[in-house]
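*Asks:* The structure's right below; bear with me while I get my questions together.
The values are calculated or read from the model by the stated rules, or taken from the named source; none is laboratory data. Since the model is a prediction, treat every value here as computed from it, not as a measurement. Cβ placement follows ideal geometry from the backbone for every residue including glycine, while neighbour counts extend to all protein chains displayed.
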Amino acid sequence: METTTAQHPSQQKSSRKLDQTKAPYFQALLDYVDAGVIPMHTPGHVQGNGLDRAFREFVGDNIASIDLTPMPGIDDLLAPTEAIKEAQELAADAYGADRSYFLINGSTSGNQCMMMTAVNPGDRVAVPRNSHKSILGSMVMSGARPIYMQPEIDHALHMDHCVTPETVRATLDQNPDVKAVFVVSPTYYGVAANLAEIAALVHERGRVLLVDEAWGPHFKFHPDLPLCATEAGADMCINSTHKMLSAFSQCAMLHQIGDRIDVGRLESVVKLFLSTSPNLPMVASLDVARRQIATEGHALLSAAIERARSTRERLNKIPGVYCFGEELQGRNGVFDLDPLKITVTVKDLGYTGYEASEILRYRYNVQVELADLFNIVALVTIGTPQAAADRLVYAVSELAREDRPVDIFSPSGVLERRLKAGTYKLPSIPPMRMLPREAFLAPTELVRFKQSKGRICAETISPYPPGIPVISPGEEITAEIIDYLSLELKAGVRMQGPFDKNLKHVRVVAE
Ligand SMILES: Cc1ncc(COP(=O)(O)O)c(C=O)c1O
């Protein structure tokens, strides 16, 4: 079997040197299947023969036939010398990186790898307060000390945007011993930072820039999308190829650029995080997702951008509904926008985002990516058909026509009253009393959450999605945090991280 695709003429950037129509790793798996090799190796289902019948019937034989194990000719993700090496070189070429690594535990492991490469125990690293919880994991693993940077807060939309170059500069001025700067761009809502300016000022001071570009694996491939991190000057960045491109879930890439990173250390760290039995269909899906976007990306993304633009326009015509767009650009923390993220603010319809999301799902069969207090976020990607976008518009217009049945912000209406009074605010950053690693590994006890003021938190508490911690191990539990999280719980927010999901109790460092 041969699997190459035609090159899109308008697509190729001049910097590319390799033949992006190839997918060497997928090809290596197909060649193994074609050769009819007698499989006396893992996985135990043996190319589907031993799979549960119903599961096999559903998923089909092909996917099972390429679920193999590292062996000669198939290469090993932990020590690539053949097809995986070539596939990763093609990815680096496509993204304009010096090296790219395939990851199969998401950008979660990518963030952890970047941090474990760049910092040592006790080192200071500047991170935005609205970082994904994997950054907290990386603090626990690396033993580094986070110096939090406050992202720009948008009270009207009740969300954080990016950190500004000014904030990065001030953080470096106040903490000249910071070893690395980590930024998130774009945010879950598709807001991108001024990465080029941030990179310039980080490099001026001889520091390294790590970028969580989990939501931007497509940026490199269309001029109407924000500047990608590899081009903006990041020293390392991560992309969740599964989020906005077509790789299977959990598939991500880590890119390294320039000469500020110790590549030997990076390679050891990447291996530390890998299973010795990687899922090969996942690895192949990274290879073909790269081929697809490198060769057909311009056309695919042009269509998706146009679809998203018209969807946003139609949604904005619905009374009471607001989808932010270009008018936000230029505000603090909003340097650029990913048009493929559609944030629908439903607050003025009298619904929380959580309620709207549930209604859309159970009444109109539409599932959005994210719900928060004020908003829902829908993705329009290269895989979204027009009919899906139409259905979203229909469902939101029906939602806007519905009579709000009860006071759904909370049975007591407390949240609504506080929203109106403007006293419902994201809590300020609490004092850090221990390093995240020390608190995470310390003896702990469970205490009642409402009475935990003043104690040192030993767990991460993240309203999910988006999975951004409100409090992390080592931080003091403040009255403001107790108040905020109690209200979020009342509004129906799910909590990720705490031992007690209902937050009746919280795990704290034992006294
Ligand atoms: C900003 C950001 N970084 C990292 C991650 C983790 O990515 P993954 O789910 O690929 O592990 C997420 C997940 O939502 C995210 O939003």
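*Asks:* Could you check the range 110-125 and list, in sequence order, the residues that are within 20 Å of the chain's Cα centre (by Cα) and surrounded by fewer than 24 Cβ atoms within 10 Å (Cβ to Cβ)?
*Replies:* Listed by number, the list holds a single entry, Met116.
Residue-wise test of (1) within 15 Å of Leu136 (Cβ to Cβ); (2) within 16 Å of the ligand (Cβ to nearest atom); (3) crowded, with 16+ Cβ neighbours inside 10 Å; (4) of a type in the set (Gly, Ala, Ser).
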position	(1), (2), (3), (4)
Leu435	yes, no, yes, no
Ser452	no, no, yes, yes
Arg455	no, no, yes, no
Ser462	yes, yes, yes, yes
Ile471	yes, no, yes, no
Ile477	no, no, yes, no
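*Asks:* To continue, here is another question. Does the range 29-49 contain at least one residue that is surrounded by 19 or more Cβ atoms within 10 Å (Cβ to Cβ), of a type in the set (Gly, Ala, Ser) and away from the ligand (no atom under 16 Å from the Cβ)?
*Replies:* For the range 29-49, residues surrounded by 19 or more Cβ atoms within 10 Å (Cβ to Cβ), of a type in the set (Gly, Ala, Ser) and away from the ligand (no atom under 16 Å from the Cβ): absent.
*Asks:* Another one. May I ask you to list the residues in the range 360-373 that are assigned to a helix (DSSP H, G or I) and surrounded by 19 or more Cβ atoms within 10 Å (Cβ to Cβ)?
*Replies:* If the condition is that a residue be assigned to a helix (DSSP H, G or I) and surrounded by 19 or more Cβ atoms within 10 Å (Cβ to Cβ), then Leu360 is the only one that fits.
*Asks:* Right, another one. For the structure I just gave you, tell me whether Ala118 is modelled with pLDDT of 95 or more and either more than 13 Å from the ligand (Cβ to nearest atom) or basic (Lys, Arg) (or both).
*Replies:* yes
*Asks:* Being in contact with a Cys (Cβ under 9 Å, 6 or more places away or on another chain) and crowded, with 19+ Cβ neighbours inside 10 Å is true for just one of Val334, Val321. Which residue is that?
*Replies:* Val334 is the lone residue from the list that is in contact with a Cys (Cβ under 9 Å, 6 or more places away or on another chain) and crowded, with 19+ Cβ neighbours inside 10 Å.
*Asks:* Go through the range 178-197 residue by residue and tally those that are under 21 Å from Arg260 (Cα atoms) and either touching a residue at least 40 places away in the same chain (Cβ under 8 Å) or within 16 Å of the ligand (Cβ to nearest atom) (or both).
*Replies:* Selection size over the range 178-197: 10.
*Asks:* Counting just the residues of the range 298-316 that are crowded, with 19+ Cβ neighbours inside 10 Å and touching a strand residue (DSSP E or B) at 6+ places or on another chain (Cβ under 8 Å), which one comes out farthest from Leu399 (Cα to Cα)?
*Replies:* Per the criteria, the residue is Ala308.
*Asks:* Could you please tell me which pairs satisfy a Cβ distance under 7 Å, a separation of 6+ or placement on different chains, a first residue in the range 225-243 that is assigned by TED's automatic domain parsing to the domain that holds Leu337, and a second residue that is within 16 Å of the ligand (Cβ to nearest atom)?
*Replies:* Final answer for the pair search is none.
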